[in-house]
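Enquirer: Here it is, the structure, as structure tokens.
The values are calculated or read from the model by the stated rules, or taken from the named source; none is laboratory data. These numbers were taken from a predicted model, which means no experiment stands behind them. Counting neighbours? That spans all protein chains shown, and the Cβs are built from the backbone with ideal geometry, glycine included. Surface accessibility is based on the protein's heavy atoms, side chains included, excluding ligands, DNA and RNA. Shrake-Rupley method; radii C 1.70, N 1.55, O 1.52, S 1.80 Å.
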Amino acid sequence: MTVLRTSAILGGEPAFPNGVPFVRPARPSLANVMARLAPSYDSGMLTNGALVRELEERCAERLGVRHVVAVSCCTSGLMLAVRALGVSGEAVVPSFTFSASAHALAWNGLRPRFCECDAETMQIDVDDASRRIGGAGLLMATHVFGAPCPVEDVLQLARYHGIPVVFDAAHGFGALRQGVPIGNFGEAEVFSMSPTKPMVAGEGGLVATNDDAVADSVRIGRDYGNPGDYDTRFVGLNARMSELHAAVALESLLQLDENLARRRAVAQRYLEGLSGLPGIACQRVDIGDESTYKDFTITVDAGAYGLPRDSVATYLRAEGVDTRAYFWPAVHRQQAYEALPPVELPITDIVAGSVLSLPIFPDLELDVVDTIVELLGVGHALSGALRGPIAGRTISQQLI
Ligand SMILES: *Cc1c(COP(=O)(O)O)cnc(C)c1O
């Protein structure tokens, strides 16, 4: 394509008439899933059976952790992991995360105390967390978009205060912190296998822990709190994983490395293409770390780029490119938490107000990435001419 074409927002043809989806889940072959499922299915063991055990073993081996407990989703895994630690009072958690991180605390009766993120890495700002942590019972941090957060600093802070750490590792299966697999840190790390994550089960979660007591508690907790004698030890959940989901997950695990390599190639292409474009910054990943690139997220500096984030999204949408503003609104701005005491998080507000996640999935072609990069260049170059027509779009047009 060429920069001489007319932008769709100015009346030209869209660059992608058939559209580029934001995500296309990497699904393993259905035939393989069915073949794997058949023994459990035929035996009538439909949930929490041999395939779930096999998934737990394979994942524990891969991560090098003592226990992996499979659960119905990451949210229930976080709820049960937090429950296992028996803490009460308040818990420090970044606001720049997915709502489920804070929900897992709130469902355990813990009041979230939100802290800042770093403007470049978008990860927990540990210095800010240290100013807010006094008296808290738990520290939670997310590996944002599949890039490891500063785990050593997080752990050091928590150890200093004598409190446990749970990592929301929803995006992080396959990520490495200085060579060590995410899954090894803190009291527990919890992964998601919902359709947009690097490894998929349909719905599913994995609690990774080196702590025997945490693993036991999550195992009992996913089964109503029933250790097997129907005398429930605490108020648990039904958070079991079905054999159907485990079959999908086991096949997905076989493809994980290939899919991660493709995601990383897409990310590399974006990084090279977007470097130097005024007003656009890509999430910074610490040197020596490997991200899963569950998302490829940029920030748009409206002044330097010429258009604010929402306008960039509208402009790309007109060209057929689907994007998301992850994580916006930040959790402390969400209605679910409006009853909490007000908190000032200016960096988080800026980051959440300027993030835009671009399409990334294993079979996204690199020439499509090149075109999206080129469109972003054109958007900057023509920002003056685009501003009026974008503003003229009705809200409903912008949302389509
Ligand atoms: C997707 C996601 C979750 C929730 O995962 P589920 O498996 O859907 O419960 C939690 N935290 C983060 C950061 C996520 O992106």
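Enquirer: Given the criteria closer than 30 Å to residue 108 by Cβ and not polar (S, T, N, Q), does residue 83 qualify?
Expert: Criteria met by residue 83.
Enquirer: What is the one condition in (1) of a type outside the set (D, E, K, R); (2) touching a strand residue (DSSP E or B) at 6+ places or on another chain (Cβ under 8 Å); (3) surrounded by fewer than 22 Cβ atoms within 10 Å (Cβ to Cβ); (4) not in a loop (DSSP other than H, G, I, E, B) that residue 372 does not satisfy?
Expert: It fails just one condition, (3).
Enquirer: Kindly indicate which of 38, 91 is of a type in the set (A, V, I, L, M, F, W, C) and away from the ligand (no atom under 16 Å from the Cβ).
Expert: Being of a type in the set (A, V, I, L, M, F, W, C) and away from the ligand (no atom under 16 Å from the Cβ) holds for just one of 38, 91, which is 38.
Enquirer: Just to be sure before I move on: is residue 246 more than 12 Å from the ligand (Cβ to nearest atom), open to solvent by less than 30 Å² (accessible area, probe 1.4 Å) and within 21 Å of the chain's Cα centre (by Cα) in the structure I sent?
Expert: Yes; evaluated as a whole, the condition is true for this residue.
Enquirer: Of all residues being more than 21 Å from residue 83 (Cβ to Cβ) and of a type in the set (Val, Ile, Thr) in segment 138-160, which is farthest from the ligand (Cβ to nearest atom)? Just the residue, please.
Expert: Filtering segment 138-160 for residues that are more than 21 Å from residue 83 (Cβ to Cβ) and of a type in the set (Val, Ile, Thr), the one farthest from the ligand (Cβ to nearest atom) comes out as 151.
Enquirer: Determine whether segment 275-282 contains at least one residue that is open to solvent by less than 10 Å² (accessible area, probe 1.4 Å) and away from the ligand (no atom under 16 Å from the Cβ).
Expert: The answer is no, given that none of the residues of segment 275-282 is open to solvent by less than 10 Å² (accessible area, probe 1.4 Å) and away from the ligand (no atom under 16 Å from the Cβ).
Enquirer: Say we look at segment 163-184 and pick out the residues that are touching an Asp or Glu at 6+ places or on another chain (Cβ under 9 Å) and open to solvent by 30 Å² or more (accessible area, probe 1.4 Å); which of these is farthest from the ligand (Cβ to nearest atom)?
Expert: So the residue we want is 179.
Enquirer: Ok, one more. It is to be established whether one or more residues within segment 362-378 are among the small types (Gly, Ala, Ser) and either closer than 21 Å to residue 22 by Cα or in contact with a Lys or Arg (Cβ under 8 Å, 6 or more places away or on another chain) (or both).
Expert: Yes, segment 362-378 contains at least one residue that is among the small types (Gly, Ala, Ser) and either closer than 21 Å to residue 22 by Cα or in contact with a Lys or Arg (Cβ under 8 Å, 6 or more places away or on another chain) (or both).
Enquirer: Can you give me the number of residues within segment 16-37 that are touching a helix residue (DSSP H, G or I) at 6+ places or on another chain (Cβ under 9 Å), open to solvent by 30 Å² or more (accessible area, probe 1.4 Å), outside any helix (DSSP H, G or I) and of a type in the set (A, V, I, L, M)?
Expert: Counting residues in segment 16-37 that are touching a helix residue (DSSP H, G or I) at 6+ places or on another chain (Cβ under 9 Å), open to solvent by 30 Å² or more (accessible area, probe 1.4 Å), outside any helix (DSSP H, G or I) and of a type in the set (A, V, I, L, M) gives 0.
Enquirer: Do we find a residue being away from the ligand (no atom under 16 Å from the Cβ) and within 30 Å of residue 279 (Cα to Cα) anywhere in segment 59-81?
Expert: The answer is no; no qualifying residue exists.
Enquirer: When both residues are 6+ apart or on different chains and their Cβ atoms are under 9 Å apart, which pairs have a first residue that lies in segment 89-101 and is within 13 Å of residue 329 (Cα to Cα), and a second that is among the charged types (D, E, K, R) and within 15 Å of the ligand (Cβ to nearest atom)?
Expert: 97/168; 98/168
Enquirer: Right, another one. Six or more apart or on different chains, Cβ under 6 Å: which pairs go from a residue in segment 142-153 that's on the phi < 0 side of the Ramachandran plot to one that's within 15 Å of the ligand (Cβ to nearest atom) and in a helix (DSSP H, G or I)? Could you list them?
Expert: Matching pairs, first to second residue: 142/101.
Enquirer: Let me ask you something else. Residue by residue through segment 209-233, note down the ones that are open to solvent by less than 30 Å² (accessible area, probe 1.4 Å) and more than 14 Å from the ligand (Cβ to nearest atom).
Expert: Across segment 209-233, the qualifying residues are 209, 214, 215, 217, 218, 221, 225, 226.
Enquirer: Residues 258, 203: which one is under 30 Å from residue 355 (Cβ atoms), within 16 Å of the ligand (Cβ to nearest atom) and acidic (Asp, Glu)?
Expert: Only one candidate qualifies: 203.
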